[in-house]
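The values are calculated or read from the model by the stated rules, or taken from the named source; none is laboratory data. Only a predicted model underlies this, so the values are computations on that prediction, with no experimental measurement involved. Positions of Cβ are generated from backbone atoms using ideal geometry, with glycine treated the same way; all protein chains shown enter the neighbour counts.
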């Protein structure tokens with residue numbers, strides 16, 4: 001069980017908190033403290049909107065032991081509206097109605113990622129669902 | 001004509017063991033098999049340092065400190081020894097560390113052994129271990145597998161270049177045809193495009209034939225400087241003309257361009273410059289085809305094809321032993337089998353056999369210059385070596 005490891009990433013897992021580089025304005029997620037664009041220091045927090053598009057995706061049917069109970073599940077690279085790309089599962093899919101495709105608009109939701117070990121620490125974090133249009 | 005310099009680093013001996021499920025063998029016994037074969041091939045040389053290439057022993061075999069373990073078990077108790085870990089690029093990384101030690105002059109004879117024991121655990125637990133080569137906090141946590149990462153690449157590649165699955169069949173057909181002639185290969189049966197097309201999906205669009213089997217294996221090399229290894233009549237001498245390594249982002253989502261293996265580009269360009277050669281001079285390329293898409297992206301990264309066109313070299317047969325750029329001439333990871341951290345050592349040993357004319361039925365005629373490249377994770381690490389045959393005086 002890795003309690004501190006998960007606790008310290010709460011802001012990223014629950015709120016997609018990244019960073020903005022004050023030198024070149026690049027939006028960064030996950031936080032990395034040195035801007036990948038300009039190489040300057042970057043540690044100003046920025047909460048991302050959680051909206052984006054599917055950049056690539058696949059369905060996992062032979063999962064690692066840690067995620068066996070969820071299989072099969074869809075994993076995607078989601079390109080966020082602000083720029084960064086994240087790896088995450090897609091959820092709340094109705095593939096008969098709306099098959100997953102590259103370019104599909106999605107939005108972040110909070111879901112259970114997996115349970116850690118026999119003691120069953122539940123790890124929550126971001127997944128993405130098809131964007132529900134607001135009227 | 002390539003002449004030798006006294007400070008050239010030579011491959012003095014090599015040892016390859018069959019890739020497969022060796023239930024009856026420990027990691028140490030597997031390593032010893034490869035070491036014994038390599039030392040026999042190298043003649044009288046006694047290793048002064050051991051570089052063990054391994055990625056998964058701490059997780060799958062509950063064993064660290066493989067340097068001391070292997071040195072002791074191989075009858076070399078007392079020599080300095082290390083584990084070199086760069087995920088699936090460990091093999092190439094270990095050869096590079098040995099190369100640098102020999103170049104420094106502080107070590108005269110170095111032994112590299114790549115060894116991996118996969119069959120210790122059920123496949124879901126092996127998958128848990130394999131995904132550790134990605135970003136634990138931002139990739140593995142979401143249930144991504146190595147096949148899923150390859151699928152994310154392949155899906156995007158097919159989308160951007162408007163390709164269907166059959167574009168990749170040639171990689172698999174070539175690998176299995178070559179594996180059929182390699183007694184050390186895990187799969188020794190040729191397949192055709194039809195069989196590829198009917199393969200069950202593993203992680204769409206990656207099918208069962210797009211993914212290399214991960215299995216037990218060990219391979220070893222004895223390296224020394226030319227001044228210490230006199231010409232022998234048995235087979236031509238082979239030198240490491242260039243050794244390089246580079247890294248890219250560990251997480252796929254952090255790549256500026258998902259479909260470019262930047263580490264492979266950087267390592268290969270460095271190697272070309274060091275050896276004074278270009279892509280057109282490379283006669284055999286042992287690339288890391290852990291997934292079909294890796295083969296296509298490696299060919300593109302190393303200057304054999306334009307972006308989005310690596311698959312064409314498989315389609316038109318250029319990658320076959322009789323083609324313009326033969327790859328995976330012993331079956332590659334796909335048919336020989338992928339022993340994770342040992343793969344880079346297998347590749348260099350196989351390439352050496354090609355240069356020495358010892359490659360058997362898949363011998364490419366008169367190979368003077370060849371390249372081997374292994375990739376860690378989804379191309380986060382690339383280790384590239386260029387080997388050349390030295391012509392006798």
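Please enumerate the residues belonging to region A:33-52 that are within 13 Å of another protein chain (Cβ to nearest Cβ) and out of contact with any strand residue (DSSP E or B) (no Cβ under 8 Å at 6 or more places or on another chain).
Correct list: A:37 only.
Which members of region A:57-101 meet the condition of being assigned to a helix (DSSP H, G or I) and under 17 Å from the mean Cα position of the chain (by Cα)? Explain how you work it out, then say what you get.
From region A:57-101, those assigned to a helix (DSSP H, G or I) are A:65-70; that's our starting set.
The answer is A:67, A:70.
Could you tell me whether any residue of region B:93-112 is at the interface with chain A (Cβ under 10 Å from one of its Cβ atoms), closer than 20 Å to residue B:19 by Cα and in contact with a helix residue (DSSP H, G or I) (Cβ under 6 Å, 6 or more places away or on another chain)? Walk me through it before giving the result.
At the first step, the residues of region B:93-112 found to be at the interface with chain A (Cβ under 10 Å from one of its Cβ atoms) are none.
Checking region B:93-112: not a single residue is at the interface with chain A (Cβ under 10 Å from one of its Cβ atoms), closer than 20 Å to residue B:19 by Cα and in contact with a helix residue (DSSP H, G or I) (Cβ under 6 Å, 6 or more places away or on another chain).
Please go through region A:1-11 and give me each residue that is within 13 Å of another protein chain (Cβ to nearest Cβ) and either in a loop (DSSP other than H, G, I, E, B) or without any contact (Cβ under 8 Å) to a residue 60 or more places away in the chain (or both), ordered by number.
So in region A:1-11, the residues within 13 Å of another protein chain (Cβ to nearest Cβ) come out as A:2, A:4-11.
Within region A:1-11, A:2, A:4, A:5, A:7, A:8, A:9, A:10, A:11 qualify.
Collect the residues in region B:258-286 that are within 14 Å of chain A (Cβ to nearest Cβ) and either part of a helix (DSSP H, G or I) or without any contact (Cβ under 8 Å) to a residue 24 or more places away in the chain (or both), keeping them in residue-number order.
B:262
Mind listing just one residue for me: the one in region B:193-209 that is in contact with a helix residue (DSSP H, G or I) (Cβ under 8 Å, 6 or more places away or on another chain) and within 10 Å of chain A (Cβ to nearest Cβ) and, of those, surrounded by the fewest Cβ atoms within 10 Å (Cβ to Cβ)? Lay out the reasoning, then the answer.
Taking region B:193-209 as the starting set, the residues that turn out to be in contact with a helix residue (DSSP H, G or I) (Cβ under 8 Å, 6 or more places away or on another chain) are B:193, B:196-197, B:202-207, B:209.
Next cut, within 10 Å of chain A (Cβ to nearest Cβ) only: B:202-206.
Numbers: B:202: 22, B:203: 29, B:204: 18, B:205: 21, B:206: 28.
Result: B:204.
Can residue B:164 be described as away from every other protein chain (no Cβ under 14 Å), surrounded by fewer than 23 Cβ atoms within 10 Å (Cβ to Cβ) and modelled with pLDDT of 95 or more?
Values: away from every other protein chain (no Cβ under 14 Å): yes; surrounded by fewer than 23 Cβ atoms within 10 Å (Cβ to Cβ): yes; modelled with pLDDT of 95 or more: yes.
Considered against the rule, which asks whether it is away from every other protein chain (no Cβ under 14 Å), surrounded by fewer than 23 Cβ atoms within 10 Å (Cβ to Cβ) and modelled with pLDDT of 95 or more, residue B:164 comes out as yes.
Tell me whether region A:109-126 contains one or more residues that are buried (at least 19 other Cβ atoms within 10 Å of the Cβ), outside any strand (DSSP E or B) and touching a residue at least 24 places away in the same chain (Cβ under 8 Å).
no
Can you name every residue in region A:61-94 that is closer than 22 Å to residue A:2 by Cβ and buried (at least 21 other Cβ atoms within 10 Å of the Cβ)?
A:63, A:64, A:66, A:67, A:75, A:86, A:87, A:88, A:89
Among residues belonging to region A:12-32 that are part of a loop (DSSP other than H, G, I, E, B) and more than 14 Å from chain B (Cβ to nearest Cβ), point out the one that is farthest from the chain's Cα centre (by Cα).
Pass one, region A:12-32, residues part of a loop (DSSP other than H, G, I, E, B): A:16, A:21-26, A:29-32.
Now drop any that are not more than 14 Å from chain B (Cβ to nearest Cβ), which leaves A:21-25.
Working: A:21: 20, A:22: 24, A:23: 26, A:24: 24, A:25: 21 Å.
Only one residue tops the list, namely A:23.
Looking at residue B:150, is it within 16 Å of residue B:208 (Cα to Cα) and within 13 Å of chain A (Cβ to nearest Cβ)? Spell out how you get there, then give the answer.
Details: within 16 Å of residue B:208 (Cα to Cα): yes; within 13 Å of chain A (Cβ to nearest Cβ): yes.
Yes; evaluated as a whole, the condition is true for this residue.
Select, from B:120, B:88, B:125, the only residue that is touching a strand residue (DSSP E or B) at 6+ places or on another chain (Cβ under 7 Å) and either buried (at least 24 other Cβ atoms within 10 Å of the Cβ) or in contact (Cβ under 8 Å) with a residue 60 or more places away in the chain (or both). Talk me through it step by step, then tell me what you get.
Details: B:120 fails: touching a strand residue (DSSP E or B) at 6+ places or on another chain (Cβ under 7 Å); B:125 fails: touching a strand residue (DSSP E or B) at 6+ places or on another chain (Cβ under 7 Å).
Only one candidate qualifies: B:88.
Can you tell me which residues in region B:248-267 are modelled with pLDDT of 95 or more and within 19 Å of residue A:28 (Cβ to Cβ)?
First, the residues of region B:248-267 that are modelled with pLDDT of 95 or more: B:248-255, B:257-267.
Hits for region B:248-267 are B:248, B:249, B:250, B:251, B:252, B:253, B:254, B:255, B:257, B:258, B:262.
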